[in-house]
Amino acid sequence: MPIHAACKARVLLFTTLAIVSACASRPPPANTATAPAPVVSQPTVGQPYAVVGAESLIIIRVYRGGTLAKAGHNHIVASHNLAGSIHVAKDLTHSSCEVSFPVAQLTVDEAELRAAEGPDFAADVSDSARDGTKEHMLGPALLDAAAYPNITMRCNGFDSDGAHLRVHLQIQVRDHRSDVTVPASYTLNAKELLVQGELPLKQTDLGLTPFTAMLGALAVRDDMHLEFRIVARAP
C-alpha cells in the first residue's frame with residue numbers, strides 16, 4: 001500500500017475508534033452465567049411520594065483515556081425519564097424507594113448539558129459521533145436495551161444526619177446487581193421531596209468492562225461521575 005494511502009487508512013481507523021470509544025464496552029454474557037439472586041423487597045411504610053420524571057435528572061460523566069485520548073471526547077449521558085416511588089417513614093431509616101429509567105431513552109451529549117459542565121466538556125461533538133456513541137451504548141455489547149430495557153435502583157436502607165442521608169442503594173444494570181452507598185441531601189415537606197447528590201462511580205462497579213483498543217492507546221476510563229436530582233410529590 002502506498003505511504004499516503006496507509007496514512008489515510010490510519011486516520012480513518014482512529015476516527016472510527018474514537019466514535020465507538022465514547023462509552024464502555026462489555027462483552028455479551030456467557031451462556032453459563034447464572035441469574036442474580038432474587039431481590040428481597042423492603043417493606044413499604046410511610047408516606048408515598050411519586051417521582052416526577054420531567055423534573056428529575058441523572059447525569060453520568062464519562063471520560064476518555066489512553067495515549068490517543070485526544071482523538072475521542074468526554075461524554076455526558078443523561079436520563080430525564082425517571083419513574084418510581086419513595087416511601088418516607090417517620091423514622092427515615094425505615095424509608096424505601098424504587099426508581100427506574102428506560103435505557104433506550106438515555107441521551108448523549110445534549111448541548112445544554114455539555115455547556116454547563118465546563119472545559120472538560122467544551123469540545124463540540126458531531127452528530128455522527130453522538131449517534132455512533134448512542135448506538136454503541138444501547139447495543140448488545142454494552143447496555144443491550146432490547147434485552148434489558150430498564151435500569152433499576154432500590155433503596156436497602158438509609159442513614160440520616162439532619163438534612164443529609166447516606167442511601168444504601170442496589171443498582172440493577174443488565175444481569176448485574178451492585179450495592180453502593182450514596183451521599184445525598186434532601187428537603188421534605190408534606191407535598192414534595194427533593195433528593196440530590198453526586199458520587200464517583202466505576203464502570204466495573206456496574207459489571208461493565210471499560211472500552212480499550214490498540215493496546216490501550218484508545219480507551220475509556222473506568223472512573224465516571226454520577227450526579228442526580230430527584231423530585232417526588234405526594235398524591
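The values are calculated or read from the model by the stated rules, or taken from the named source; none is laboratory data. Quick caveat: nothing in here was measured; it's all calculated off a predicted structure. All Cβ positions, glycine included, derive from the backbone under ideal geometry; neighbour counts span all protein chains shown.
Output the number of residues of segment 168-184 satisfying the condition of being touching a residue at least 60 places away in the same chain (Cβ under 8 Å) and either over 22 Å from residue 62 (Cβ atoms) or touching a Cys at 6+ places or on another chain (Cβ under 9 Å) (or both).
Here the count works out to 1.
Which members of segment 144-167 meet the condition of being outside any strand (DSSP E or B) and at pLDDT 90 or above?
Keep residues of segment 144-167 that are outside any strand (DSSP E or B), which gives 144-149, 162-163.
Across segment 144-167, the qualifying residues are 144, 145, 146, 147, 148, 149.
Taking segment 38-72, which residues are at pLDDT 75 or above and part of a loop (DSSP other than H, G, I, E, B)? Don't jump to the end; show me each part of the working.
Here is the first cut: in segment 38-72, the residues at pLDDT 75 or above are 44-63.
The answer is 44, 45, 46, 52, 56.
Which residue pairs have Cβ atoms under 7 Å apart, sit 6 or more places apart or on different chains, and have a first residue in segment 185-198 that is closer than 19 Å to residue 54 by Cα and a second that is polar (S, T, N, Q) and part of a strand (DSSP E or B)?
Filtered contacts from segment 185-198: 194/187; 196/185; 197/185.
Each row is one residue, and each column tells you yes or no for (1) under 22 Å from residue 229 (Cα atoms); (2) surrounded by 13 or more Cβ atoms within 10 Å (Cβ to Cβ).
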{"position": "96", "(1), (2)": "yes, yes"}
{"position": "108", "(1), (2)": "yes, yes"}
{"position": "119", "(1), (2)": "no, no"}
{"position": "127", "(1), (2)": "no, no"}
{"position": "150", "(1), (2)": "yes, yes"}
{"position": "157", "(1), (2)": "yes, yes"}
{"position": "182", "(1), (2)": "yes, yes"}
{"position": "187", "(1), (2)": "yes, no"}
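Anything in segment 189-206 that is of a type outside the set (A, V, I, L, M, F, W, C), within 18 Å of residue 232 (Cα to Cα) and crowded, with 17+ Cβ neighbours inside 10 Å? List them, or say none.
Hit for segment 189-206 is 197, nothing else.
Could you grab me the full set of residues in segment 76-93 that are touching a residue at least 40 places away in the same chain (Cβ under 8 Å), more than 20 Å from the chain's Cα centre (by Cα) and part of a loop (DSSP other than H, G, I, E, B)?
89, 90
Suppose we keep only residues that are closer than 14 Å to residue 182 by Cα and of a type in the set (A, V, I, L, M, F, W, C) within segment 129-162. Which one would you say is nearest to the chain's Cα centre (by Cα)? Before you say what the answer is, go through the steps one by one.
First, the residues of segment 129-162 that are closer than 14 Å to residue 182 by Cα: 153-161.
Narrowing further to those that are of a type in the set (A, V, I, L, M, F, W, C): 153, 155, 158.
Details: 153: 11, 155: 17, 158: 21 Å.
Filtering first and then ranking leaves 153.
Looking at 195, 180, which one is at pLDDT 95 or above, part of a strand (DSSP E or B) and in contact with a strand residue (DSSP E or B) (Cβ under 7 Å, 6 or more places away or on another chain)? Full working, then the answer.
Working: 180 fails: at pLDDT 95 or above.
Result: 195 is the single residue among 195, 180 that is at pLDDT 95 or above, part of a strand (DSSP E or B) and in contact with a strand residue (DSSP E or B) (Cβ under 7 Å, 6 or more places away or on another chain).
For segment 94-139, what are the residues that are free of Cβ contacts under 8 Å to residues at least 24 places away in the same chain and in contact with a strand residue (DSSP E or B) (Cβ under 8 Å, 6 or more places away or on another chain)?
Filtering segment 94-139 for residues free of Cβ contacts under 8 Å to residues at least 24 places away in the same chain gives 111-112, 115-116, 118-119, 122, 124, 126-127, 130-131, 135, 139.
Within segment 94-139, just 130 meets the criteria.
Of the conditions (1) within 19 Å of the chain's Cα centre (by Cα); (2) within 26 Å of residue 73 (Cα to Cα), residue 126 fails just one. Which one is it?
That leaves (1) as the condition not met.
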